[in-house]
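Undergrad: Let me give you the structure first, and then I'll get to my questions.
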Amino acid sequence: MKHMTEEELIAYLEGVASERTEIAGHLSRCTSCRTELKRIEAVLAALDTLPVPDPGEGYGRRVWQQIAPRLPERPSRWWQAWLEPKHLAAIGSLAAMVLVAFYIGRISKPVSPGNVTVSQEQVRERILVVAVGAHLGRTEMMLVELSNTEPRDRNQKQVNISAEQHRAQDLLEENRLYRQTALNEGDAQLASILDELERVLLDVAHSPDEVTPAQLEAIRQKIESRGILFKVRVVGKELQQRERTSAPAPAQNYSSKKERNKV
Amino acid sequence: MPATSENAQAIAANDALAVERTLAGERDAFRILVERHSRTVFRLAYRMTGNRQDAEEVVQEAFLRAYQNLARFAGTSNFGTWVYRIAANYAIDRMRHRKKEDARRVLHEPISEEGIQDDPMAKVEDAKPTPERLAQSRELRKQMEAALAALSHAERTAFVMRHWEGCGIEEISAVLKSSSSATKNTVFRAVQKLRQALQPFVGRGEQARAMGMES
């Protein structure tokens, strides 16, 4: 008889097993799996005894008294949230993209009605190219700075990387947007590179503000082992070339995407 | 006590009204929401952060953020679920900053009277509070806190939200920003790690109980 795996038993106990009936059926017949289930249950039952302190009667009232002086007279309107610094950067990027699109529209030759669809696609792709190129430049700079961060001296126990961490958080938001756009535009290779970059940015964004030299070295090694800086540079250069070419032919696009795929 | 579905609906309707009034400029209407949901948010925050001070800060910050972003909430889910999710996200940030301090605190903090009352061994029938039994339960509690503190932020969040708070996988996925299958896997990893860390102690407790009954 094939026994249940630990994963299946835990999923069953936590109520997230997809094959619940099958597992229940097996457990009714198999003593060995039932014993194993009880062992896991015993650990969970012990954990259930950990107390949560009672915050006391009137806790809600106390919380209100503590936060009320810090609340503005009215909650902010939805558009006010967009005036926060991190969103202002995104608005700036968006405005730049619109301006670039407008500029490209002005300098491009008039097209015959039959070519309208192709031309719009090219414009969209170029907007993506310009915006992603700039994004990769900023990301590269942050990663290089992080890679070059050193403790001031041997005795320094903590290195502050909060600046890079905050930049990584902002870049992460941008990166998600561009990856999604690349996917929508059918540029799977660019989306894949951005996806890889996202994982590195996540690692950095989720690091503590202050790290030990050993932790810093581990982050650095992660960046190096994935070869992400190299990939970012290659894709960044390629995007610059695509940006310079005023009207790239579909064949060139295809070959450039293939090149990137080799990275 | 779990709310009945009619109760839950009535609370959600009252919450929606309080949100509307707050957005209309009646700041005191937000007080109703704070008073109604503080204890639930505190329980989640305490289980995630493992200490009262951080939990209280998470509660305050969650309601502050909820107030600041109330216009964006716009009734897309019920207020309780929404503020709960804000609290879970903030608790993850808080855990990240406090991880090391928590680990140190677990090792040095004396067990409170409250902890002894909630002694896992004391819940066993005929258990006598012998010095050995007390020492074992203290040891077990210390080990349980250390095992929880050793989980990654995602694992602890997934375990707390699923095992203790009974949240759905989709809700946990939204907090962890991961897929359903990845979230299920995180729940599994959390329980597996807890089991590896605690099984020897739980086994020892069972043995001790058996010996206690014989004597």
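Just so you know, all these numbers are worked out from the coordinates, no wet-lab data involved. Here the structure is a predicted model, which is why all the values come from computation and not from measurement. All Cβ positions, even for glycine, are placed from backbone atoms using ideal geometry, and neighbour counts span all protein chains on display.
Undergrad: 7 Å from Cα along Cα→Cβ at both A:Glu19 and B:Ala16: what's the point-to-point distance in nm?
TA: 4.2 nm
Undergrad: May I pose another question? Filter A:Lys38/B:Lys177; B:Lys142/B:Lys184; A:Lys157/B:Lys142; A:Lys157/A:Lys222; A:Lys231/B:Lys193; A:Lys157/A:Lys231 down to the pairs with a C-alpha to C-alpha distance above 25 Å, please.
TA: Details: A:Lys38/B:Lys177 32 Å; B:Lys142/B:Lys184 27 Å; A:Lys157/B:Lys142 28 Å; A:Lys157/A:Lys222 21 Å; A:Lys231/B:Lys193 36 Å; A:Lys157/A:Lys231 32 Å.
Cα-Cα > 25 Å for A:Lys38/B:Lys177; B:Lys142/B:Lys184; A:Lys157/B:Lys142; A:Lys231/B:Lys193; A:Lys157/A:Lys231; rest within.
Undergrad: Tell me the net charge near B:Arg36. Cut-off is 13 Å between Cβ atoms, B:Arg36 excluded, with +1 for each Lys or Arg and -1 for each Asp or Glu.
TA: On the way: positive: A:Arg61, B:Arg31, B:Arg39; negative: B:Asp15, B:Glu35.
After counting each charged neighbour, the total is +1.
Undergrad: Another question, if that's okay. Would you tally the net charge around A:Val63, using a Cβ to Cβ cut-off of less than 9 Å, leaving A:Val63 out, and scoring K and R as +1, D and E as -1?
TA: Result for the local shell: 0.
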